[in-house]
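Read through the structure below, which is laid out as structure tokens, and then see the notes.
The values are calculated or read from the model by the stated rules, or taken from the named source; none is laboratory data. Just so it is clear, the model here is predicted, and its values are computed rather than measured. So basically every Cβ, Gly included, is an ideal-geometry build from the backbone, and we count neighbours across all protein chains shown.
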Amino acid sequence: MRHFSDPAQARHAPARELHNGDWTAFAESPARFAAMLDTLGPGEPARDFGLDPILAVHDPAYVAFLREAHRLWRAAGREGDAMGYVFPVVGRRALDLDRIDAKIGAFAMDASTPIAEHTWEAAYGGAQSALTALDAVLGGETAAFALCRPPGHHCGADYMGGYCYLNNAAIAARAAQARGVSRIAILDVDYHHGNGTQDIFYGDGEVLFASIHADPKTDYPFYWGHADERGAGAGEGATLNLPLPQGTDWSTYAPALDTALEAVRGHGADLLIVSYGADTFARDPISHFSLVREDYTAMGQRIAGLGLPTLVVMEGGYAVDALGANVAAFLGGWG
Ligand code: Q9C
Ligand code: ZN
């Protein structure tokens with residue numbers, strides 16, 4: 001399968017994150033990007049589709065914040081990565097405050113999404129990779145892989161979170177719609193629920209969001225991804241959440257996948273976007289499923305069996321030594 005990326009994606013390199021009350025090395029490391037390129041080969045460069053497709057999903061004030069946050073952090077006399085510590089619940093007040101810590105809180109859902117010097121360029125490059133891979137699919141490729149990093153599925157229209165700054169899958173979906181593909185299915189198979197993607201399309205009946213993930217009762221992001229979240233208004237029924245318990249292996253995963261694929265078929269989608277995370281892997285350092293490499297090939301084969309034009313977008317996966325092989329196994333499902 002052809003794959004696309006931008007060298008700037010390697011330049012996002014936060015030093016650390018807050019994990020269970022203490023500092024740990026930032027799990028979403030540039031080494032992930034290098035590991036995937038190592039196994040898959042260099043692939044093809046992303047082309048620049050500009051800011052408009054990003055602004056079709058994300059709030060202009062949020063995008064402006066992402067672009068200036070690190071500079072404001074430095075201007076405030078800080079070292080290291082920009083990180084917040086106040087999160088004003090749900091829209092506490094719509095105040096446009098100047099202090100960097102207040103700004104971060106207004107545009108963040110957690111403290112695991114630091115902004116480093118080159119975060120914006122990397123996130124921008126990742127979004128362009130998704131748009132370039134989409135262009136290949138709309139141009140007739142059966143499937144294409146956007147080697148996105150940083151990932152995207154936890155960030156919403158106006159907030160970052162879960163190592164995500166720009167929602168690559170959502171940006172591709174809206175770009176496809178702008179090019180006349182209206183009925184779209186997004187299948188999210190990352191270990192974590194794709195809360196940002198769900199939020200963006202929650203009221204949209206044209207875009208099905210189906211996700212298989214660790215039960216949010218026990219796992220991040222906790223407040224999204226429960227089975228009773230099914231969409232709202234025109235989007236009622238176009239969100240499908242299939243939470244699974246920690247320890248899930250292929251025998252439990254496969255039936256959930258079949259349920260999700262049935263929903264994709266039922267939606268009558270003309271385009272499938274897969275948010276693929278390899279953090280369902282048994283040896284993932286921050287996750288608790290038990291999938292093995294061969295399961296990813298089976299997963300890819302079943303998804304390819306839908307026969308839909310498919311854009312695969314990279315999300316999480318933190319067992320860096322196995323990441324390239326796991327991604328290759330999944331993409332191998334397309335033959
Ligand atoms: N102790 C993706 O896989 N963990 N994001 C926060 C918890 C956040 C994962 C720390 C996990 C986000 C794209
Ligand atoms: Zn994840």
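Here are some notes:
- Flag for Pro243 being out of contact with any helix residue (DSSP H, G or I) (no Cβ under 8 Å at 6 or more places or on another chain) and outside any helix (DSSP H, G or I): yes
- Some residue of region 311-332 being away from ligand 1 (no atom under 16 Å from the Cβ) and at pLDDT below 95: no
- The C-beta contact set for region 150-162 (first residue farther than 21 Å from Arg16 by Cβ and among the charged types (D, E, K, R), second residue more than 8 Å from ligand 1 (Cβ to nearest atom) and not in a loop (DSSP other than H, G, I, E, B), distance under 8 angstrom, 6+ apart or interchain) comprises Asp158/Ala61; Asp158/Tyr62.
Residue-wise test of (1) small (Gly, Ala, Ser); (2) more than 16 Å from ligand 2 (Cβ to nearest atom).
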{"position": "Asp158", "(1), (2)": "no, yes"}
{"position": "Ala176", "(1), (2)": "yes, yes"}
{"position": "Arg179", "(1), (2)": "no, yes"}
{"position": "Ala185", "(1), (2)": "yes, yes"}
{"position": "Val189", "(1), (2)": "no, no"}
{"position": "His192", "(1), (2)": "no, no"}
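- For region 310-335, a residue qualifies if it is surrounded by fewer than 22 Cβ atoms within 10 Å (Cβ to Cβ), part of a loop (DSSP other than H, G, I, E, B) and either touching a strand residue (DSSP E or B) at 6+ places or on another chain (Cβ under 6 Å) or of a type in the set (S, T, N, Q) (or both), and exactly one does: Ala319.
- Residue in region 47-62 that is within 16 Å of ligand 2 (Cβ to nearest atom) and assigned to a loop (DSSP other than H, G, I, E, B) present: no
- Considered as a group, the residues in region 134-171 that are out of contact with any strand residue (DSSP E or B) (no Cβ under 6 Å at 6 or more places or on another chain) and among the aliphatic types (A, V, I, L, M) include one that is surrounded by the fewest Cβ atoms within 10 Å (Cβ to Cβ), and that residue is Ala157.
- Pro245 being within 16 Å of ligand 1 (Cβ to nearest atom) and touching a residue at least 12 places away in the same chain (Cβ under 8 Å): no
- Checking each residue in region 286-335 for being within 20 Å of the chain's Cα centre (by Cα) and acidic (Asp, Glu) picks out only Glu315.
- The one condition in (1) buried (at least 24 other Cβ atoms within 10 Å of the Cβ); (2) among the hydroxyl-bearing types (Ser, Thr, Tyr); (3) in a loop (DSSP other than H, G, I, E, B) that Ser129 fails to fulfil: (3)
- Asp270 meets each of the listed conditions (1) in contact (Cβ under 8 Å) with a residue 40 or more places away in the chain; (2) of a type in the set (Asp, Glu); (3) over 23 Å from Phe26 (Cα atoms); (4) within 16 Å of ligand 2 (Cβ to nearest atom) apart from (4).
- Scanning region 281-304 for residues being surrounded by fewer than 22 Cβ atoms within 10 Å (Cβ to Cβ), without any contact (Cβ under 8 Å) to a residue 40 or more places away in the chain and either assigned to a helix (DSSP H, G or I) or away from ligand 2 (no atom under 16 Å from the Cβ) (or both) gives a total of 4.
- Residue list for region 185-205, filter: more than 15 Å from Val313 (Cα to Cα) and outside any loop (DSSP other than H, G, I, E, B): Asn195, Gln198, Asp199, Ile200, Phe201
- Selection from region 6-24 of residues that are within 12 Å of ligand 1 (Cβ to nearest atom) and either touching a Lys or Arg at 6+ places or on another chain (Cβ under 8 Å) or part of a strand (DSSP E or B) (or both): Arg16, Glu17, Leu18, His19, Asp22, Trp23, Thr24
- Hits in region 260-310 - residues which are touching a helix residue (DSSP H, G or I) at 6+ places or on another chain (Cβ under 8 Å) and either modelled with pLDDT under 95 or of a type in the set (Lys, Arg) (or both): Arg283, Arg293, Arg302
- Those residues of region 92-126 which are in a loop (DSSP other than H, G, I, E, B), within 18 Å of Trp73 (Cα to Cα) and either aliphatic (A, V, I, L, M) or within 16 Å of ligand 1 (Cβ to nearest atom) (or both), in sequence order: Leu97, Asp110, Ala111, Ser112, Thr113, Pro114, Ala116
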